[in-house]
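Undergrad: Okay, here's the structure, questions in a sec.
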Amino acid sequence: MKFIIQRDRLVQSVQDVMKAVTSRTTIPILTGIKITATMEGVTLTGSDSDISIQSFIPKEDEGNEIVEIKQAGAIVLQAKFFSEIVKKLPTDSVEIEVLGSLQTVIRSGKSEFNLVGLDAEEYPHLPQIEENNKFQIATDLLKAMIRQTHFAVSTSETRPILTGVNWKVESDLLSCIATDSHRLALRKAKIKTENSESYNVVIPGKSLNELSKIIDDSNDLVDIVITENQILFKAKHLLFFSRLLEGNYPDTSRLIPNESKTDLTVNTKDFLHAIDRASLLAREGRNNVVKLATIAGGIIEISSNTPDVGKVVEEIQSGSIDGEDLKISFSAKYMMDALKALEGTDISVSFTGAMRPFVIRPLHDDSILQLILPVRTY
């Protein structure tokens, strides 16, 4: 194998596939990156058996030559060293050549590295996915949906299914739901689909987080293919495979209350900043609890009291308060996470009592909601 490639494109592809490579693997060859050169271009592959990422660098792009292939072939190189080397090479072009017995030479300018490679034949094959049933979603919308839900997955392995995000597809609607049993994030969006297949799968939160770091902010469409135990995201020159979590996701529709006793509307930024300030003292406490109370004249009082530290009280003007007076306590962190995920300048919050879950939505937008369970403080 021998080719010459633009360093920038190589560095970008290496960074992308590195997101799937881990040093903590029981399969030694997976600590490497597989490099395959064909007459069409160069493909890099990284995998930790949960996630696999494949990045393709075409021979030319928009008329510019990116790779000059001298000889096709494949090799696996230690990811840790290879990624550091390509980042620090001195010139804009890199030559990679595999000599006998898997010795690999990397040349750039006056710099030359020799790496011991591994046999590419021993690298596990990527899942073969039939692409009959696929749907499409714009990249920037996909990134937004991940950002607005994945933070609410559970970090505890006691219920592994809750470490993932539940994706449901029915006709042309995709619903993403995440919950750690103390809070819930839900986001819905229309998708483009060629058939009326419905799906109900759970994607590891970690996989979605890595995917959102790699895909560009653009309105290009991403193809998504779901099989029994894998999901494939197909963007331009990029394949991202993730295994799906096994098991049944709990029915979360029962958690979302249909009626409310107190409704308020408030400016998102004002509310977020007030919670943030109140949590400054609450952070010292065990569970970072902030209290909210409605008082006369449409005023919301935000407060926190940590006996050894001190207390803070702040009043903010709401847009409106309807229904019963209310006093409720909740985690400041959960509330701030939820508010950061919502879009729009104003939100509505619906309460069904001091110890019942409450729902936060942007005004005039039904596609997204956040739900938080209060904390008992009395």
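Undergrad: List the residues whose amide H sits under 5 Å from the amide H of residue 117, counting only those 5 or more places along or on another chain, with H placed 1.01 Å from N in the peptide plane.
TA: For residue 117, the qualifying residues are 103, 104.
Undergrad: Starting from the Cα of residue 87, draw a straight line to each of the aspartates and glutamates and keep only those under 15 Å, dropping any in the same chain fewer than 8 residues away.
TA: Cross-link targets: 8, 16, 95, 112.
Undergrad: In terms of Cα to Cα distance under 14 Å, which aspartates and glutamates are near enough to residue 333, apart from those fewer than 8 places away along the same chain?
TA: In chain and number order, the partners are 180, 276, 284.
Undergrad: Another question, then. Just to verify a number: FRET efficiency for residue 24 and residue 111, C-beta to C-beta distance, R0 = 35 Å, to 0.05?
TA: Taking R0 as 35 Å, the efficiency between residue 24 and residue 111 is 0.70.
Undergrad: Right, something else. For the chain, count the residues as N, evaluate 2.2 N^0.38 Å, and divide the Cα radius of gyration by that value, please.
TA: After normalising by residue count via 2.2 N^0.38 Å, the value is 1.21.
Undergrad: Quick one: what are the phi-derived ³J(HN,Hα) couplings along the range 367-372, Karplus 6.51/-1.76/1.60 with θ = phi - 60°, whole Hz, x for glycine and proline?
TA: So the Karplus estimates, Gly and Pro as x, are 7, 9, 8, 10, 10, 10 Hz.
Undergrad: Mean separation of Cα pairs under 8 Å and 6+ residues apart, divided by the residue count of the range 1-68: what relative contact order is that in percent?
TA: Across the range 1-68, relative contact order equals 33 percent.
Undergrad: While we're here: For a quick check: with amide H placed at 1.01 Å from N, whose amide H comes under 5 Å from residue 326's, ignoring anything fewer than 5 positions away on the same chain?
TA: Those qualifying (amide H under 5 Å, at least 5 residues apart or on another chain) are 294.
Undergrad: Can you pull the Rg over Rh of the range 2-122, Cα-only, Kirkwood?
TA: 0.94
Undergrad: Let me ask you something else. Suppose R0 equals 25 Å. What FRET efficiency, 1/(1 + (r/R0)^6) with r the Cβ-Cβ distance, do residue 320 and residue 355 give to the nearest 0.05?
TA: 0.55
Undergrad: While we're looking at this one, here's another question. Compute the Rg to Rh ratio over the range 81-187 from the alpha carbon atoms, using the Kirkwood formula for Rh, and round to two decimal places.
TA: 1.19
Undergrad: Taking 0.36 nm per residue of sequence separation and subtracting the Cα-Cα distance, how much length would be gained by fully extending the chain between residue 228 and residue 273, in nm to one decimal?
TA: 11.8 nm
Undergrad: Distance in nm between label sites at residue 155 and residue 128, each 7 Å beyond Cα in the beta-carbon direction?
TA: 4.1 nm
Undergrad: Measuring from centroid to centroid over Cα atoms, what is the spacing of the range 88-130 and the range 27-85 in Å?
TA: 8 Å
Undergrad: Report the semi-axes of the equivalent ellipsoid for the range 257-372 in whole Å, largest first, where each axis is √(5λ) for an eigenvalue λ of the Cα gyration tensor.
TA: So the equivalent ellipsoid measures 22, 15, 13 Å along its semi-axes.
Undergrad: Taking K and R as +1 and D and E as -1, what net charge do the other residues with C-beta under 13 Å from the C-beta of residue 255 add up to?
TA: Value of the local net charge: +1.
Undergrad: What relative contact order, as a whole-number percentage, does the range 2-122 give when Cα pairs under 8 Å and 6 or more residues apart are counted?
TA: Computed over the range 2-122, the figure is 28 percent.
We did not get these values from a lab; they are worked out from the coordinates using the rules stated. Keep in mind that this is a model prediction, so the values were computed, not measured. For neighbour counting, all protein chains shown are included, and Cβ atoms are generated from backbone atoms with ideal geometry for every residue, glycine included.
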